[in-house]
Amino acid sequence: MTEERHTTQDSGALRGGGPRPVAIMRTESGLIAALAMLGTIAIDPGLWWFPLAMFLLFDLSILGYLRSTALGAFWYNAVHTYVWSAVLGAVAIVLSLSSPAAATWVALIALAWAFHVGVDRMLGYGLKLPDAFTHTHLGTIGNTRRAS
């Protein structure tokens, strides 16, 4: 006999007792944000503020929404992925062999980027679907969530 695994709106859990995948993803993202902040402090404790100062820079990607919802979703999603922070982290490792100072700053930017994506996803701001800014891979955000 197979067990049903459909979500229930009441409990926020899967039938069968497991947590919702969205809750797991949001928790993971919060942990990534915390680790990114700890990484920043490990590199230079005096720069603990750097991810906070850079935070809104990554949200400039929403300017694509001025043109169209689909273009806005494309640019938002292109920026709000862990891929670029991972790439910059790899670049920082390579740079550490020849230019430690440059490697430090590239690593700090990579960590700030991961911090931003982690906080956004922890708060429920997932990758955007092309039909509306409020529709994300983590569910609906904003006032429309309450209405639906």
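The values are calculated or read from the model by the stated rules, or taken from the named source; none is laboratory data. What you are looking at is a predicted structure, and each value in this text was computed from that prediction instead of being measured. All accessible areas refer to the heavy atoms of the entire protein, side chains included, with ligands and DNA or RNA removed. Shrake-Rupley method; radii C 1.70, N 1.55, O 1.52, S 1.80 Å.
Hey, can you grab everything whose amide H is under 5 Å from the amide H of LEU127? Only 5+ residues off in sequence or another chain; H modelled, so Pro and N-termini drop out.
HIS137, LEU138
Quick one: compute the contact order of region 17-148, relative version, from alpha carbon pairs under 8 angstrom and 6+ residues apart, as a percent. Each step should come with its number before you reach the end.
Working: 172 pairs, mean separation 40.8, N = 132.
Relative contact order here is 31 percent.
Dividing the alpha-carbon radius of gyration of region 21-147 by 2.2 N^0.38 Å (N being the number of residues), what value is obtained? Don't jump to the answer; show the numbers that get you there.
Numbers: Rg = 15.7 Å, N = 127, 2.2 N^0.38 = 13.9 Å.
The reported ratio for this selection is 1.13.
What are the ³J(HN,Hα) couplings of region 87-102, residue after residue, when phi is run through the Karplus curve with 6.51, -1.76, 1.60 and θ = phi - 60°? Round to Hz, x for glycine and proline.
Taking θ as phi minus 60°, the curve returns 4, 5, x, 5, 4, 4, 5, 5, 5, 4, 6, 10, 8, x, 5, 5 Hz for region 87-102.
If you count only protein heavy atoms with a 1.4 Å probe, what accessible area per residue comes out for region 73-132, rounded to a whole Å²?
Details: 2920 Å² over 60 residues.
Result: 49 Å² per residue.
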